[in-house]
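This report refers to the structure that appears directly beneath it.
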Amino acid sequence: MRQVHICEVGPRDGLQNAKHLMSTEAKKAWISALAAAGLREIEVGSFVPPKLIPAMADTGEVVRHSLTIPGLKVVALAPNLKGFQRAVEAGAHKVTFPVSASRKHSESNVRMTPEQMVEEVRRCAQVGGAEIEGAVSTAFGCTMQGAVPEDDVVRIAVSLAQFCDAVALADTVGYANPAQVKRIFSRVQKEIGGKLEGAHFHNTRGLGLANALAAYEVGVRNFDSSMGGLGGCPFAPGASGNVITEDLVFMFESMGASTGIDLERLFEARAILTEAIPQEPIYGHTPQAGLPKGFRAAA
Ligand SMILES: [Zn+2]
């Protein structure tokens, strides 16, 4: 039985921030290989204006391919109602909306205040057609605003929980530390209980795994991660991106918490990624060192 649920966000968060474009065919092959390794949920793209983010221009086609993979929950990101409608039209099972807790980040990213963005997500929920996740982004700090008041994070999470199927907290820029993770997740859990599902961490300062473990220790069981830590961080040149799927799976499996993901097959999916965009920096301790002698996955 899966005790930890991992959503691979490399094809979206990773490729959206990568320097090199991946072909549509390679994306499809990579997503199929990720699913074959045991990933049951993949964020495959983003319905944003193609002119703004060319790497996501083929998201409709990638969603349609992903829908042919049996048992896979196909997730797409949308920043507004228009993106949501495109996601529903393409058939995405779940749509994630980033709602920034930082006023400055929200205004520069989506040209809306956090409150206006909450209302935009509410409109999408009223339209319906897909599962909706509200992800509170910059929940642990912001490159533009600096500190983000915890009360703001809690307030936005509570508003989103009124109409979203699930709420997640995201460390968009890699500012979080484990003590803060435990404190904020616990506070939000107290307010919205089981609606708080996901944790989205970046490895910008090397604390991705530590933060994931801290969240696990306060009861979080749903994590986003990206193969090879793909993507980097637009605000920190040279930094790695999301918490690394391979290392996250290794951590949980070696602790005895089953992820349902086969590490050897995960390494095969990694080979597809590195072949498709060989110049892109790819991270990961476990794939470089190999599995320890006698390693056994969690039962
Ligand atoms: Zn991210």
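The values are calculated or read from the model by the stated rules, or taken from the named source; none is laboratory data. A quick note: this is a predicted structure, and the numbers were derived from the prediction, not measured. Here Cβ is always computed from backbone atoms with ideal geometry, including for glycine, and neighbour counts include all displayed protein chains. Accessible surface areas use protein heavy atoms only, side chains included; no ligands, DNA or RNA. Shrake-Rupley method; radii C 1.70, N 1.55, O 1.52, S 1.80 Å.
Brief remarks on what is shown
- Value of D in µm² per second that Stokes-Einstein yields for the stretch 189-264, Kirkwood Rh from Cα pairs, at 37 °C (0.692 mPa s): 251 µm²/s
- As a length-normalised measure over Cα pairs under 8 Å and 6 or more apart, the relative contact order of the stretch 1-112 settles at 23 percent.
- Considering only Ile53, Ala276, Pro178, the residue lying farthest towards the positive end of the dipole of the chain is Pro178, judged by Cα position with unit charges set on Cβ.
- The length gained on full extension between Ala257 and Leu67, counted as 0.36 nm times the residue separation minus their Cα-Cα distance, comes to 65.6 nm.
- Here is the list for the stretch 241-299: trypsin sites (Lys or Arg not before Pro) lying in DSSP coil, each with at most 10 other C-beta atoms within 10 angstrom of its C-beta, are Lys293, Arg296.
- Taking every DSSP bridge with both residues inside the chain, close to 10 percent are antiparallel.
- In sequence order, the stretch 220-232 has phi-based couplings of 6, 10, 10, 10, 8, 7, 10, 4, x, x, 4, x, x Hz under the Karplus curve 6.51 cos²θ - 1.76 cosθ + 1.60, θ = phi - 60°, and Gly or Pro positions carry x.
- Kirkwood estimate for the stretch 1-140, i.e. one over the average of 1/r between Cα atoms, Å: 15.4 Å
- Percent of C-alpha pairs per 10 Å bin, the stretch 217-299, short to long: 17, 47, 29, 7, 0
- For trypsin sites (Lys or Arg not before Pro), the sites in the stretch 88-163 that DSSP calls loop and that have at most 14 other Cβ atoms within 10 Å are Arg111.
- Here the relative contact order of the chain, from alpha carbon pairs under 8 Å that lie six or more residues apart, stands at 20 percent.
- Note on the stretch 49-120: with neighbouring protein chains present and a 1.4 Å probe, carbon and sulfur make up 55 percent of its accessible heavy-atom surface.
- Förster radius 41 Å - calculated FRET efficiency between Glu25 and Leu213 (Cβ-Cβ, nearest 0.05): 0.65
- Surface analysis of the chain yields an accessible area of 41 Å² per residue, using protein heavy atoms and a 1.4 Å probe.
- Between Asp165 and Lys293, the FRET efficiency estimated from the beta carbon spacing at R0 = 30 angstrom works out to 0.10.
- Stokes-Einstein D (µm²/s) once Rh is taken as the Kirkwood radius of the chain over alpha-carbon pairs, at 10 °C in 1.306 mPa s: 84 µm²/s
- At full extension, Arg183 and Met144 could sit 11.8 nm farther apart than now, given 0.36 nm per residue minus the alpha carbon distance.
- Rg followed by Dmax, in Å, when the stretch 78-119 is reduced to its Cα trace: 11.1, 33
- Listed peptides 39-51, 140-152 by packing density, highest first (mean Cβ within 10 Å): 39-51, 140-152
- A Förster distance of 25 Å, applied to the separation of the beta-carbon atoms of Glu115 and Arg221, puts the FRET efficiency at 0.25.
- Dipole check for the chain: with +1 at the C-beta of Lys and Arg, -1 at the C-beta of Asp and Glu, and the Cα centre as origin, the magnitude is about 200 Debye.
- Evaluated over the stretch 38-81, the Cα radius of gyration and Dmax, each in Å: 11.0, 34
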